[in-house]
Each structure stands twice: as C-alpha cells, then as structure tokens.
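Heads up, the thing below is written out as structure tokens.
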Amino acid sequence: LPLCFPEKLWKMLESDQFRSIWWSEGGKCVAINKDLFKVEVLGRGVCHRVFNTQHIKSVIRQLNLYGFSRVQRDFQRSASVPEFLSEEAAASAHSQILYYYNPSFNRAHPWLLGTCKRR
C-alpha cells in the first residue's frame, strides 16, 4: 500500500536524508525551507520522487487539505536603525522557511498520525 501524504511527511521528518524539512517548536510544527525543498525533494527524478508533483504549491495544497495551517513567525524589532536593518535581513532570509501546524501531527504523539484525515 502506498503511504498517504501525512505518512510520507512523517517519514521525511524522521529521516536524516533531508535538510529542507524538519521538526520545529519541539516537534509541534513542520518547518520547510522552500527553496531547498524545491531542489532536494521536488527536483528528484521520477523514480526517486517522494510526492507526485514538482510544485511547492501542490505540497502546500496537500498540507491544507490535511488540516495543517500556516504559522507566522513574529520577530521583535529593535529601535536602533543598524540593528533593525540587520534584523530585516535575517527576517528576509527567514521568510524562505514555511511553518505548518496540525494538532494531530506531533512528534511526541505518533499515534495521532492516524487521525490526520483529508478534508
């Protein structure tokens, strides 16, 4: 039997094979480095493909269909101009990282994986 989307996602997160996707927030969120994911996961040849797509939008659509919601990362901003500018640069690099949360998708509670159903 082929794995469903949440099972594939879980296997990727638990594997040390991928640098573009990891557990965040103590295993409560999925973090995806968008640009690296496009190359590392979606750019694979047909026989090594994890998902049946080459487009990040399709993966995001699957996340949404399985009840994941995007989590925005908030940054505290400094009052001084030089610090603010360096923080802006860091935030810009950080914007390539997408965070998704699903209460039934938690590293500490693998038994909940079966409750991640497609809407």
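Observations
- The residue that is nearest to the chain's Cα centre (by Cα), counting only those in segment 68-88 that are open to solvent by less than 60 Å² (accessible area, probe 1.4 Å) and modelled with pLDDT under 95, is VAL71.
- Leading residue by the ranking (surrounded by the most Cβ atoms within 10 Å (Cβ to Cβ)) among those in segment 1-60 that are farther than 19 Å from VAL71 by Cα, among the β-branched types (Val, Ile, Thr) and without any contact (Cβ under 8 Å) to a residue 40 or more places away in the chain: VAL41
The values are calculated or read from the model by the stated rules, or taken from the named source; none is laboratory data. Keep in mind that what you see is a predicted model, and the values were worked out from it rather than measured. Note that each Cβ is placed from the backbone with ideal geometry, even for glycine, and that neighbours are counted across all protein chains shown. Accessible surface is based on the protein model in full, side chains and every heavy atom, while ligands, DNA and RNA are left aside. Shrake-Rupley method; radii C 1.70, N 1.55, O 1.52, S 1.80 Å.
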